[in-house]
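Inspection log for the structure reproduced underneath, given as structure tokens.
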Amino acid sequence: MAPTTDNAGQTGDAGTARAALEALRTEIAKAVVGQDPAVTGLVVALLCRGHVLLEGVPGVAKTLLVRALASALELDTKRVQFTPDLMPSDITGSLVYDTRSAEFSFQPGPVFTNLLLADEINRTPPKTQSSLLEAMEERQVTVDGTPRPLPEPFLVAATQNPVEYEGTYPLPEAQLDRFLLKLTVPLPSRQDEIDVLTRHASGFDPRDLHAAGVRPVAGPADLAAARAAVAGTTVSPEITAYVVDICRATRESPSLTLGVSPRGATALLSTSRAWAWLTGRDYVIPDDVKALALPTLRHRIQLRPEAEMEGVTTDSVINAVLAHVPVPR
């Protein structure tokens, strides 16, 4: 039987997948209070086969957010605490000599999972940071000349602390560009913080998501159907030109030494299509581009030192660009 068609012109399978992904917010809210934008960003990244950099001070539930997402999607997840002495093989895996067979066998590292939580990624040296580049871009790990494919879906959710710089190794621009989105995880509002404490007073244990009631509401099949639907989302020539004009405007900004690259423009188009589909449309409008511009572009531009000293931020530059670039009608 052919799948039915819903009101937005999507197939019934796609409509079911959208409903399942929308249910993620409710399910994750059983464990994490008040981080809906971050949840949405992680879902957009999964739809676009991208990776996410989560930035926030310690204690705002970045780790819990990723674990809850994995539980609600019924995906395998592993966590790696990045430290200065972490070696690349600690992430990718290595060849181990087996005395019984007198042969070397490959022991997979934690990167062989669906959701890899790279905790405090900027605390490890560039050599170890770069070990993730092949995995993020090619979705494989090469050890001793043999490429080994990673599971599907695969997403790296890396966290970093924006206020502590001692003993850290800032991510180079080339590696930052590999992340589809940079999501800021803010401190909770007063009411959200009261809700967090109330839950803990009632016996909530963040290490036991099952006891918190988090259940799988979507799975790999839903993601596959959703990705197929996103790929069919219509983008008009005017929207494509709008994305290009935004990215080109950043390259001309007097506050920046580095503007958005063509890869960044492609990323903005991709995330805008995913957001359009999540909101129930099979075509992209300018508001979709505006909604995803900050998380998609903020880590792909570099401020001039003098602008930074004057209090200019990457977000304020992007907002200024959005205000000045003509919006297609």
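Translational diffusion coefficient, Stokes-Einstein: compute it for the stretch 238-301 using the Kirkwood radius over C-alpha pairs as Rh, at 25 °C and 0.890 mPa s, and state it as an integer in µm² s⁻¹.
208 µm²/s
Calculate how large, on average over all directions, the projected area of the Cα convex hull of the stretch 10-147 is; give the answer in nm² to one decimal.
Its Cα hull, projected and averaged over all orientations, spans 11.0 nm².
Fully extended, how many nm does the chain gain between Val244 and Arg329 (0.36 nm per residue separation, minus their Cα-Cα distance)?
29.0 nm
When the accessible area of the chain is split by element with a 1.4 Å probe, what percent falls to carbon and sulfur?
C and S atoms contribute 54 percent here.
Dipole magnitude of the stretch 91-142 about its Cα centre, charges +1 at Lys/Arg Cβ and -1 at Asp/Glu Cβ only, in debye to the nearest 20?
Its charge dipole is roughly 100 debye.
Total Lys pairs in the chain closer than 27 Å by alpha-carbon, pairs eight or more apart in sequence or interchain only?
11
From the backbone phi of the stretch 87-101, what are the Karplus-calculated ³J(HN,Hα) couplings (6.51 cos²θ - 1.76 cosθ + 1.60, θ = phi - 60°) in whole Hz, Gly and Pro given as x?
Computed from phi, the couplings for the stretch 87-101 are 9, x, 5, 5, 9, 7, x, 7, 7, 10, 7, 9, 5, 6, 9 Hz.
For the chain, what is the accessible area per residue in Å², given a 1.4 Å probe and the full set of protein chains?
Roughly 48 Å² per residue, with all protein chains present.
Could you give the semi-axes, largest first, of the ellipsoid that matches the stretch 102-247, computed as the square roots of 5 times the alpha carbon gyration tensor eigenvalues and rounded to whole Å?
After scaling each eigenvalue by five and taking roots: 29, 26, 22 Å.
What figure, in Å² to the nearest 10, do you get for the accessible area of Phe106 with a 1.4 Å probe and non-protein molecules left out?
Around 40 Å² of this residue is reachable by solvent.
To the nearest 10 square angstrom, what accessible area does Val57 show with a 1.4 Å probe?
The accessible area comes out at roughly 40 Å².
Write out the trypsin sites (Lys or Arg not before Pro) in the stretch 190-220 meeting two conditions: DSSP loop, and at most 10 other Cβ atoms within 10 Å of their Cβ.
Arg207
Could you state the number of Å between the C-alpha centres of the stretch 16-79 and the stretch 297-329?
Spelled out, the Cα-based centre of one part sits 27 Å from the other.
Let me know the Kirkwood hydrodynamic radius for the chain, please, with Cα pairs as the basis and the value in Å to one decimal.
21.2 Å
What ³J(HN,Hα) values, in whole Hz, does the Karplus curve 6.51 cos²θ - 1.76 cosθ + 1.60 give for the stretch 264-270 when θ = phi - 60°, with x put for Gly and Pro?
x, 5, 4, 5, 5, 5, 5
Would you please give the FRET efficiency between Gln81 and Glu193, computed as 1/(1 + (r/R0)^6) with r the Cβ-Cβ distance and R0 = 22 Å, to the nearest 0.05?
About 0.30, to the nearest 0.05.
Report the Rg/Rh value for the stretch 147-231, based on alpha-carbon coordinates and the Kirkwood definition of Rh.
Computed over Cα atoms, the ratio is 1.05.
So, how do all the Cα-to-Cα distances of the stretch 183-329 break down into 10 Å bins, in percent, from 0 on up?
10, 29, 25, 23, 13, 1
Using a 1.4 Å probe and ignoring any ligands, DNA or RNA, find the accessible area of Tyr97 and quote it in Å² to the nearest 10.
Ignoring ligands and nucleic acids, Tyr97 comes out at about 110 Å².
The values are calculated or read from the model by the stated rules, or taken from the named source; none is laboratory data. This one's a predicted model, so the numbers in the text were calculated from it and none came from an experiment. Ideal geometry is used to build each Cβ from the backbone, glycine not excepted, and the neighbour counts take in all protein chains shown. For the accessible areas, the whole protein counts, side chains as well, though only heavy atoms, and no ligand, DNA or RNA atoms are used. Shrake-Rupley method; radii C 1.70, N 1.55, O 1.52, S 1.80 Å.
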